[in-house]
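What follows is one structure encoded as structure tokens, with my remarks underneath.
The values are calculated or read from the model by the stated rules, or taken from the named source; none is laboratory data. These numbers come from a predicted model, not from an experiment. No Cβ is skipped: glycine too gets one built from the backbone with ideal geometry, and neighbour counts run over all protein chains shown. The area values use the complete protein model at the heavy-atom level, side chains included, leaving out ligands, DNA and RNA. Shrake-Rupley method; radii C 1.70, N 1.55, O 1.52, S 1.80 Å.
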Amino acid sequence: MNNTKKIILSIVIILTIIFIGAGIYTQNIPRRLYPGEILEYEGQDLSSINDFRENSIRGPQTINVSSYSLAITGLVNDTIEYTYDDILNNFQKYQKVTTLNCVEGWSVTILWEGFLLEEILDNADISPESIVVIFRAYDGYSTSLPLDYIKNQDILLAYKMNNIVLPPERGFPFQLVSESKYGYKWIKWITEIELSTDADFKGYWETRGFSNDADIE
């Protein structure tokens, strides 16, 4: 056996050992339990919260709900700051099974429960010239969506998934359910929603080359 074959064989053996070791390590990582989580809804199988991959820009955020507020700003006639309880107690709740598709190639199908974003925005009396909704998060993340998309698609501001309140790592207190859009539009830990005319606004990943439309083909 010449030296080249020996090197190739050694590399194959090393990679095999690494993959086996990684598999054993992954199997031994404890999976968090979410008491009360449902994995089936009206005959449809749901993904588990454990099926999500952690890919936020600064890691999972923990928000103190007692000091939390959600600000509705920009081109509205009434700038509003909602507490968590304000939203839970004053808006109709809705449920929808929707799939999140990540640009990394994985997806999850979840039963989301929350509030129609359109109803929350209408309460602030949106100015007629508003065409874009800009979202900002506790960790500095940002993204945007057309106002017409939010109105036409019945977009939810979710506070529950699979029948349990959003865990901190999944966006508590609120995550946007941006159906038919890639996962980088599903902003978590939302703290501000701004109405704007800036159709060219680009959020965190959009300024790094990702499509501003984020449409799933």
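Overview of results
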quantity: Heavy-atom surface of the chain, accessible at 1.4 Å and reported per residue (Å²); calculated: 54 Å²
quantity: The chain, accessible surface, carbon-and-sulfur percent (1.4 angstrom probe); calculated: 50 percent
quantity: Cα-based helix-to-principal-axis angle, 3-28 vs the chain, degrees rounded to 10; calculated: 50 degrees
quantity: Dipole of the chain, positive direction: furthest Cα of Ala124, Ile57, Ile134, with charges on the beta-carbon; calculated: Ile57
quantity: Where only C-alpha atoms are counted, convex hull volume of region 60-118 per residue in Å³; calculated: 148 Å³
quantity: Inter-probe distance in nm under a simple model that places probes 7 Å from Cα toward Cβ, at Lys151 and Ser180; calculated: 1.5 nm
quantity: Linear extension gain, Asp45 paired with Ser107, 0.36 nm per residue minus alpha-carbon span; calculated: 21.0 nm
quantity: Around Val132: net Lys/Arg minus Asp/Glu count, Cβ-Cβ under 15 Å; calculated: -4
quantity: Cα-centre dipole for the chain with unit charges at Cβ (Lys and Arg positive, Asp and Glu negative), debye to 20; calculated: 1500 debye
quantity: Residues Thr197 and Glu81, FRET efficiency given R0 of 30 Å [Cβ-Cβ distance, rounded to 0.05]; calculated: 0.85
quantity: As computed over the chain, the Cα convex hull volume per residue (Å³); calculated: 171 Å³
quantity: Solution diffusion estimate, µm²/s, Stokes-Einstein, region 138-217, Kirkwood Rh from C-alpha pairs, 20 °C, viscosity 1.002 mPa s; calculated: 161 µm²/s
quantity: Sorted peptide list for 146-152, 40-46, 116-122, 168-174, criterion being average Cβ within 10 angstrom, highest first; calculated: 168-174, 116-122, 146-152, 40-46
